[in-house]
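The values are calculated or read from the model by the stated rules, or taken from the named source; none is laboratory data. Owing to the predicted nature of the structure, the values given are computational and were not obtained by experimental measurement. Here Cβ is always computed from backbone atoms with ideal geometry, including for glycine, and neighbour counts include all displayed protein chains. Areas reflect the complete protein model, heavy atoms only, side chains present, ligands, DNA and RNA absent. Shrake-Rupley method; radii C 1.70, N 1.55, O 1.52, S 1.80 Å.
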Amino acid sequence: MFATRFAPSPTGRLHKGHAFSALTAWTAARDVGGRFILRIEDIDPTRCKPEFEAAILEDLAWLGLDWETPVRRQSDHLADYAAVVEALNAHGLLYRCFRTRKEILDAIGDAPHGPAEAVRPGPHAPEDEARLLAESRPYAWRLSLDRAREALGEQAWNALSFVEEGEGADGESDLIRAKPETAGDVVLARKDAGTAYHLAVTHDDALQGVTHVVRGLDLFEATHIQRLIQTLMGWPAPTYRHHRLLTGPDGRRYAKRDQSVTLAELRAGGLTPEALRTELGF
Ligand code: GLU
């Protein structure tokens, strides 16, 4: 059965861009009598706040959406993600990374191909790793693309792909070859959270039976590495529908960090959900 989801992070109030994304996913499910799942992606302990989670539920209900309950809140399931880290580790696919963000950025700055180079710091030398562990320094787990490629074999690596029913970055659609190299050796367990976005999102999409990932084009690139993780874990491949990003009157896309006007403010200003849905084309 068709199942899709809206998976916001409670790091701020929702804006029109979120409303568009949620309506796109919800409508896709409703049109085919499928499932619509709301998932709270709150693994970032510094940026996520319970009051934003409550506000998300309120804003989406105001918009006229409904969803399956109970709503999965990722921070309640950290043991699930730790088990995935363990499974990938059992296959030798991860390595510890003690480097700071600054060290990583400095290293990329010095790299031959400049700042655009994907982050692939590689494992520490065994003696350094032993010392850093003995000093109880915090570390992240990174996925080694080299080891993943070796584990899958060339044929399976070259066959990594996903079906795009929306539009890809260049308007691509149909079967798209996944290029995890562009993401680099991504962090799958952050120092502070024990998990990371790519791991939690792929785990939960598999667990919740998501058949169609409907989300904004800003996450199109993430799909490449997420397909690799799904393949390594033996999880099913969802179909993807990346949708265009809504832009505001100034032509810029809505974003929390730009203090885009929130749904709550629009509501306080008298906007009705009907008017907003019409404006957004639903
Ligand atoms: N939690 C992610 C975000 O708020 C979305 C994850 C996804 O749709 O894959 O950007």
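Values for this structure:
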item	result
Hits among aspartates and glutamates - C-alpha to C-alpha of LYS179 under 17 Å, sequence gap 8 or more where chains match	GLU117, ASP146, GLU150, GLU154, GLU164, GLU167, ASP170, ASP218, GLU221
Counting all C-alpha pairs of the range 155-247, share separated by more than 18 Å (%)	44
Å² of accessible area per residue within the chain, as computed with a 1.4 Å probe and no ligands counted	49
Those aspartates and glutamates that a straight Cα-Cα span of less than 16 Å connects to LYS191, excepting residues fewer than 8 apart in one chain	ASP42, ASP44, GLU86, GLU103, GLU129, GLU135
Helix-only CD estimate at 222 nm, as mean residue ellipticity for the chain, using -39500 (n - 2.57) per DSSP H run (n ≥ 4)	-12000 deg cm²/dmol
Efficiency of FRET between VAL261 and ASP174 - r from beta-carbon atoms, R0 35 angstrom, step 0.05	0.45
Dipole magnitude (debye, nearest 20) for the chain, charges at Cβ of Lys, Arg, Asp, Glu	320
For THR239, distant residues with modelled amide H under 5 Å away	HIS212, VAL213
Of all accessible heavy-atom area on the range 1-121, the percent that carbon and sulfur account for (1.4 Å)	54
Given charges at Cβ of Lys, Arg, Asp, Glu: the range 1-120 dipole, positive-most of PHE2, LEU60, PRO45	PHE2
Value in Å of the Kirkwood radius, where the chain supplies the Cα pairs that are averaged	20.3
Rough spin-label spacing in nm, given labels placed 7 Å along Cα→Cβ, for ASP250 and ASP80	3.8
Rg ratio (alpha-carbon, reference 2.2 N^0.38 Å) - the range 1-81	1.09
Local electrostatic count, PRO70, Cβ distance below 12 Å [Lys/Arg +1, Asp/Glu -1]	+1
Part-to-part distance (alpha-carbon centres) for the range 177-241 and the range 21-45, which is given in Å	16
Spin-label pair ASP66/ALA90, simplified geometry with 7 Å Cα→Cβ offset, distance in nm	4.1
Virtual spin-label span in nm between THR11 and GLU103, 7 Å along Cα→Cβ	2.4
Carbon plus sulfur fraction of accessible area for the range 184-282, probe 1.4 Å, in percent	52
